[in-house]
Amino acid sequence: MGRTILRPIVCLVCLCYLMGLVPALSGGPYELRAEVMDSPFPLFKHDQQHTGKSKYKGIQTANCKWTYSTNDPIVSSPVVSSDGVVYFGSLDGNLYAIRPDGHTKWFFTTKQDVFSTPAIDASGTIYIGNSGNFLYAIGKDMKEKWKFRTGGAILSSPNIGSDGTVYIGSWDGRLYAIGPNGVLRWTYQTGDAIVLSSPAIAADGTVYIGSRDRKLHAVDAKSGTEKWTFLAGDKVDSAPSVGADGTIYFGSNNGTLYALDPNGKLKWKFETGSWIYTSPSIDIDGTIFFGAKDGKLYALNEDGSLKWNFSTGGSISSSPAVDSDGTVYVGSWDKKLYAIDANGNPKWSYDLGASIASSPAIGADGTIYVGCDNGMLYALGK
């Protein structure tokens, strides 16, 4: 099965409970910009709703253009800016900026493990969290604009609202809303740690996030007040995704994928019998894709019925990306990155040499970027 991310996550449990629980702020204001950058893949799962759906067509055959080596496993997922620069974090504590040709543009040291996936706003500012409790705002010139301290490690990935507010979950059990000047707007307290669930933002501004209190939380983006909660069958480490009709999809550690309406009522659930760690992705026709610990990539119809499943040789903790023609790209602990067509047939697979927890990103030229547990970022393309 290869190395997994479970060992570092378990180690962080002790670390987080030893850390202080009082948020602190450093840094100062800067020019305010709103919204997510208009780029091929600007944040975790591509967009504010976490659909994982790209408007670009990915490569049709596997070919490695280049690799980039870091000093530790890459769990963070890569993102792609409007100029083609690829940003990602590593457990070596660095945020990397890599040019489209695979050469280093710069790297920024946070001094603690980076599980978090970066998010890029319209000004080019990059937001990323680390296990040392900090959310960083870093300019495209590599200069720190500000950092904000939460009360626990940040493994969650940030999202950016239409007004520039940055939303992030922390192991202290809080969802934070932080203005683009680094000033806290509000916090929302859940009943347990927010570990890997990343906030999704619906079209109406509702923020959704999962917690280890076994609940999905719906929070008003402006006030931080609770709209509703939904009790799942186990801890919710999966990041939610929001469909075009407002349906919220998320997985739970009891092996169930849930579909809720915007009022928090259960529409349907699908049982896999195996821990669901990934965030679901949604194609334009409403098909929902997600992976599970049983090593299968599942495709469900909008009504929750099974469309198809595809078996890999290991557990799946990588969240799938979907290209413009419905091809799904996903990594597995069997060391392979897979491309699977819209009917569930394999197009290609590529052996990266170690387990894959990072989620793929799709560039404008169809290049697929993904991190690996061997510390390498891979660019697969023409």
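Per residue, how big is the convex hull around the C-alpha atoms of the stretch 65-201? Give it to me in cubic angstrom, could you? Write down the numbers at each step before the final one.
Values: hull volume 13.8 nm³, N = 137.
Taking the convex hull of the Cα positions in the stretch 65-201, it is 100 Å³ per residue.
Excluding Lys293 itself, calculate the net charge of residues whose Cβ lies under 13 Å from the Cβ of Lys293, where each Lys or Arg counts +1 and each Asp or Glu counts -1. Let's see the in-between values first.
Values: positive: Lys296; negative: Asp234, Asp237, Asp294, Asp334.
Neighbour charge sum, excluding Lys293 itself: -3.
Report the full-extension gain for the segment Asp285 to Ser162: residue separation times 0.36 nm, less the Cα-Cα distance, to one decimal in nm. Walk me through the intermediate numbers first.
On the way: separation 123, 0.36 × 123 = 44.28 nm, distance 2.53 nm.
Result for the pair: 41.7 nm of gain on full extension.
Using Cα-Cα distances under 8 Å and only pairs 6 or more residues apart, what relative contact order does the chain have, in percent?
Working: 1271 pairs, mean separation 67.4, N = 382.
Answer for the chain is 18 percent.
Taking Cα centre as origin and charging only the Cβ of basic (Lys, Arg, +1) and acidic (Asp, Glu, -1) residues, the dipole magnitude of the chain rounds to 560 debye.
Over the chain, DSSP H runs of length four or greater, each weighted -39,500 (n - 2.57), average out per residue to a 222 nm ellipticity of -1000 deg cm²/dmol.
Working from label points 7 Å from Cα in the Cα-to-Cβ sense, the Ala203 to Lys267 distance is 1.3 nm. Residue-wise HN-Hα couplings along the stretch 150-158, as the Karplus relation 6.51 cos²θ - 1.76 cosθ + 1.60 with θ = phi - 60° gives them from phi, are 9, x, x, 4, 10, 9, 5, 9, x Hz; Gly and Pro carry x.
At a 10 angstrom cut-off on C-beta neighbours, averaged per residue, how do the peptides 274-280, 100-106 rank from highest to lowest?
274-280, 100-106
Backbone amide hydrogens, once placed in the peptide plane, bring Trp348 within less than 5 Å of Ala339, excluding anything fewer than 5 places away on its chain.
Under the simplified labelling scheme, the Asn343-Thr109 pair shows an inter-label distance of 5.4 nm, with each label point 7 Å from Cα along Cα→Cβ. Using the Cβ of Ala62 as centre and a radius below 10 Å, the other residues enclosed give a net charge of +1, where K and R count +1 and D and E count -1.
Give me the extension gain from Asp303 to Asp83: residue separation times 0.36 nm, minus the current Cα-Cα distance, reported in nm with one decimal. Intermediate values should be presented prior to the final figure.
Working: separation 220, 0.36 × 220 = 79.20 nm, distance 3.89 nm.
Working it through step by step, the gained length comes to 75.3 nm.
Taking 1.567 mPa s as the viscosity and 4 °C as the temperature, the Stokes-Einstein diffusion coefficient of the chain based on its alpha-carbon Kirkwood radius rounds to 65 µm²/s. A simple spin-label model places pseudo-atoms 7 Å from Cα toward Cβ; at Asp72 and Leu231 they are separated by 3.8 nm.
Separation of the alpha carbons by more than 25 angstrom is noted, of Lys65/Lys296; Lys57/Lys111; Lys53/Lys347; Lys140/Lys222; Lys57/Lys293, for Lys65/Lys296; Lys57/Lys111; Lys140/Lys222; Lys57/Lys293. Summing charges over neighbours of Trp268, with a neighbour being any other residue whose Cβ is under 10 Å away from its Cβ, gives 0 when K and R count +1 and D and E count -1.
Summarising the amide proton neighbourhood of Ser76: residues at separation of 5 or more, or on other chains, whose placed amide H is nearer than 5 Å comprise Gly89.
Going Cα to Cα from Lys215, which lysines come in below 18 Å? Please leave out same-chain ones fewer than 8 positions away. In chain and number order, the partners are Lys227, Lys235, Lys265, Lys267, Lys269. Counting only aspartates and glutamates at least 8 places from Lys55 when in the same chain, those with an alpha carbon closer than 17 Å to its own are Asp38, Asp47, Asp83, Asp283, Asp285, Asp323, Asp325, Asp341, Asp365.
Annotation: extensible slack from Asp220 through Asn181 equals 12.0 nm (criterion: 0.36 nm per residue apart, minus Cα-Cα distance). In order along the stretch 63-79, phi translates into HN-Hα couplings of 8, 8, 6, 6, 10, 10, 9, 10, 8, 8, x, 10, 9, 4, 9, x, 10 Hz, rounded to whole numbers, per the Karplus curve 6.51 cos²θ - 1.76 cosθ + 1.60 with θ = phi - 60° and x for Gly and Pro.
Every read-out reported here was derived from the displayed coordinates using simple, explicitly stated rules and does not represent laboratory data. Every value quoted in this text rests on a predicted model; they were computed, and no experiment measured them. Reconstructed Cβ throughout: ideal geometry from the backbone, glycine too, with neighbour counts over all protein chains shown.
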